[in-house]
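For reference, the structure discussed in these notes is given below.
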Amino acid sequence: MNLKERVGELPQVLLGLVSLSVALVAGSLIGASAVGEFTHANNLVQVTGSARRAITSDYIVWQFRVESQNPSLQAAYKQVTAYTEKIRLYLQSQGIPENEIVFSALENVALQENINGRDTGQILAYRLTQRVKISSKEVDKIAALVNRSNDLINEGIPIISDPPQYLYTDLAKLRVEMVAEAVRDAQNRAQSIAQATNSRVGKVRNVNTGVFQITSRFSTDVSDYGIYDTSSKEKDITAVVSVSFGLN
């Protein structure tokens, strides 16, 4: 191809490049318009709000047990019932009302002889267990009693004690209040975001309530399934919500 023919083709090449450029610009404008319409149609802001309160347990549950093991069932029963009577008298002397004390039915386990992993059918001993449960609104009184439980051991009663459980009885009402407080916190956060984007917070579109975390005071423990600490009298309860607001 000679020079004259090549020069003749230049206008066609330039025309093609110009057409391609126009198409790209038009496509970009259409894409930008579509994105703008999508953003406007889904103009939402999703924020997390939280609320925390300090609570003091208003109910306590203390459980303990005594056991007697003896080759004779009658002897085991006689011993464990003697323990139980002493416990009853001791609790009465400490001013614990009878309606706060529950003596469970006796548990009887026959301990069989086992040789090389096989029961021989021979009973070696009987173990009788008496469980006692105290439930009270007098938290401090029962907590002090737990700390003095060695008094029973000193009287020859080999009690086996569980840690006391500290509970809060008005959780249902408190949870409702805290969810409302957490939503207000979320709304405040949404307003801060809206101001930064020259928008205005609209109606609530969706609310998801998370699990409650009831932990010992100042604890940072968190669980996906929620926490209910019963080992501490003084607790913190935390509520978390996820809220979607419309933006105007």
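The values are calculated or read from the model by the stated rules, or taken from the named source; none is laboratory data. This is a predicted model, so every value here is computed, not measured. Backbone-built Cβ (ideal geometry, glycine too); neighbour counts: all protein chains shown. Surface accessibility is based on the protein's heavy atoms, side chains included, excluding ligands, DNA and RNA. Shrake-Rupley method; radii C 1.70, N 1.55, O 1.52, S 1.80 Å.
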For I123 and R52 in one chain, what is 0.36 nm times their gap in residues minus the Cα-Cα distance, to one decimal in nm? 19.9 nm
Need one number: % antiparallel among DSSP beta bridges in region 179-248, to the nearest 5. 85
At a 10 angstrom cut-off on C-beta neighbours, averaged per residue, how do the peptides 98-111, 225-238, 118-131 rank from highest to lowest? 225-238, 118-131, 98-111
Kindly flag which residue pairs out of K78/K137; K141/K173; K173/K235; K133/K173; K203/K235 have an alpha-carbon separation exceeding 24 Å in this structure. K78/K137; K141/K173; K133/K173; K203/K235
Could you tell me the calculated FRET efficiency between S104 and S242, based on Cβ-Cβ distance and R0 = 41 angstrom, to the nearest 0.05? 0.40
Stretch A196-R184 to full length: gain in nm at 0.36 nm per residue minus the Cα-Cα span? 2.4 nm
Under 16 Å from the Cα of K86, which aspartates and glutamates turn up, not counting those fewer than eight places away in the same chain? E67, E98, D151, E155
Difference of contour (0.36 nm per residue) and Cα-Cα distance, E177 to D140: 10.6 nm
Summarise the accessible area of region 79-205 (1.4 Å probe, protein heavy atoms) by the percent that is carbon and sulfur. 46
